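> Before we start, here is the structure in question, set down as structure tokens.
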Amino acid sequence: MKQIIAVHDLSGFGKCSLGVVMPTLAAMGVRACALPTAYLSAHTAFPPCEHAVFLDLTAQMEATLAHWDELHARFDGFYSGFLGAPEQMELLERCLSARRKDGFLAMVDPVMGDGGKPYRTYTPQLCDKMAELSTYADVITPNLTEAAILLGEDYDPAPNRKKAADWLHRLSLEGRRSVILTGLSLTSGTLGAGCFDRTTGAVDFAQAPLAHGVFSGTGDLFASVAFGKLLAGEALPAATQAAVSFVSLAANATLDRGGDPVEGADFEPLLHLLAPHQV
Ligand code: PXL
């Protein structure tokens, strides 16, 4: 059984980050060991409220990694998302440098923003540090907002295939890392992703039926499915297509029951579709 380090916040209300990553990877037969970056009473897409909790866990991260070393814990991969403070990046860079070996898969989802804007806890300094951490990754999964930040370009909510392919190439750092660019709508009524595979140098696109609404946590759901598939040995285009299809199913199921997209997509009843050898 594969075992990975999952570096995300834990948001108590609103399905995202560890609340999505752990069940999704578990359904795919992967054991995710949580290295929480922060605890939030609710994710940041809800309006700011008087009693909102944001607990920075940087100090506990350092100690946790040291404890895991003492236990001689072995990991097959690393998958990071929402980070709580710039100091966490250096810690994670050290963690990745120490663990790099054949067969170890490092995915960095450079979670920084959406809809053309950074999340409210993301300062320019945190964004710079995220770009630095991303250079340690085998594969990154930015959305269009994060891609624009990483490239220093203006946000474009609807790039065409040619522009998306150009961004994918540039984000690959001359082919050193694979890239999945999410939130691409290539035809009306569909949404999906594009990918650049560093092992083949090829660009591919995947699309599925669009679910209207601004969903929270779907980036985490997407990257978790893609990461699980990659760990299982699937090629990047197949992993990308599986993630696109699964997020579309979960988001559309939410709308079908009249759910509120800000609370996240209804992925839990669909997890059986991800069980190894089912899809
Ligand atoms: O899904 C990304 C994410 C993760 N964690 C927290 C967030 C968000 C996006 O809003 O607020 C706390």
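The values are calculated or read from the model by the stated rules, or taken from the named source; none is laboratory data. Note that the structure is a prediction, hence the values are computed from the model and not measured. Positions of Cβ are backbone-derived with ideal geometry, glycine not excepted, and every protein chain shown enters the neighbour counts. Side chains included, ligands, DNA and RNA excluded: accessible areas come from the protein's heavy atoms. Shrake-Rupley method; radii C 1.70, N 1.55, O 1.52, S 1.80 Å.
> Just the residues that are more than 16 Å from the ligand (Cβ to nearest atom), open to solvent by less than 30 Å² (accessible area, probe 1.4 Å) and part of a strand (DSSP E or B), please, taken from region 68-113.
Gly77, Phe78, Ala106
> Considering only region 74-104, state which residues are more than 16 Å from the chain's Cα centre (by Cα) and aromatic (Phe, Trp, Tyr).
Once the filter is applied, which keeps residues that are more than 16 Å from the chain's Cα centre (by Cα) and aromatic (Phe, Trp, Tyr), region 74-104 yields Phe75, Phe104.
> Just a yes or no: is a residue in region 148-156 away from the ligand (no atom under 15 Å from the Cβ), closer than 20 Å to Gln207 by Cβ and not in a strand (DSSP E or B)?
Yes, the conditions are met somewhere in region 148-156.
> Which pairs do you get when a residue that is closer than 13 Å to Ala27 by Cβ, found in region 220-246, comes within reach of a residue that is within 14 Å of the ligand (Cβ to nearest atom) and part of a loop (DSSP other than H, G, I, E, B), reach meaning Cβ atoms under 6 angstrom, with the pair 6+ apart or on two chains?
So the pair list comes out as Leu221/Phe267.
> Would you confirm whether any residue within region 128-137 is in a loop (DSSP other than H, G, I, E, B), open to solvent by less than 10 Å² (accessible area, probe 1.4 Å), away from the ligand (no atom under 16 Å from the Cβ) and in contact (Cβ under 8 Å) with a residue 24 or more places away in the chain?
Scanning region 128-137 turns up at least one residue that is in a loop (DSSP other than H, G, I, E, B), open to solvent by less than 10 Å² (accessible area, probe 1.4 Å), away from the ligand (no atom under 16 Å from the Cβ) and in contact (Cβ under 8 Å) with a residue 24 or more places away in the chain.
> Do you know which residues across region 106-161 are within 14 Å of the chain's Cα centre (by Cα) and over 18 Å from Gly84 (Cα atoms)?
Ala106, Ala137, Asp138, Val139, Ile140, Thr141, Asn143, Leu144, Thr145, Ala147
> Considering only region 1-67, give the strands (runs of 3 or more DSSP E) lying wholly within it that have at least 2 residues that are within 13 Å of the ligand (Cβ to nearest atom).
Hits in region 1-67: 2-7, 10-13, 38-42, 54-56.
> Would you be able to tell me the number of residues in region 41-59 that are of a type in the set (Asp, Glu) and at pLDDT below 95?
The total comes to 0.
> Only one residue in Gly12, Gly103, Gly113 is small (Gly, Ala, Ser) and farther than 22 Å from Val247 by Cα. Which one?
On inspection, the qualifying residue turns out to be Gly103.
> Can you pull out every residue in region 217-236 that is over 19 Å from Pro23 (Cβ atoms) and more than 16 Å from the chain's Cα centre (by Cα)?
Gly233, Glu234, Ala235, listed by residue number.
> Output the qualifying pairs, or none if there are none: Cβ atoms under 9 angstrom, residues six or more apart or on different chains, first residue in region 256-279 and touching a residue at least 24 places away in the same chain (Cβ under 8 Å) and at positive phi, second residue open to solvent by less than 30 Å² (accessible area, probe 1.4 Å) and in a loop (DSSP other than H, G, I, E, B).
Listed pairs, sorted by first residue: Gly264/Gly14; Gly264/Cys16; Gly264/His43; Gly264/Phe215; Gly264/Ser216; Gly264/Gly217.
> For region 199-219, how many residues meet the condition of being over 12 Å from Val244 (Cβ atoms) and free of Cβ contacts under 8 Å to residues at least 40 places away in the same chain?
5
> While we're looking at this one, here's another question. Tell me which residues, restricted to region 15-71, are polar (S, T, N, Q) and closer than 14 Å to Gln3 by Cα.
Selection gives Thr24 alone.
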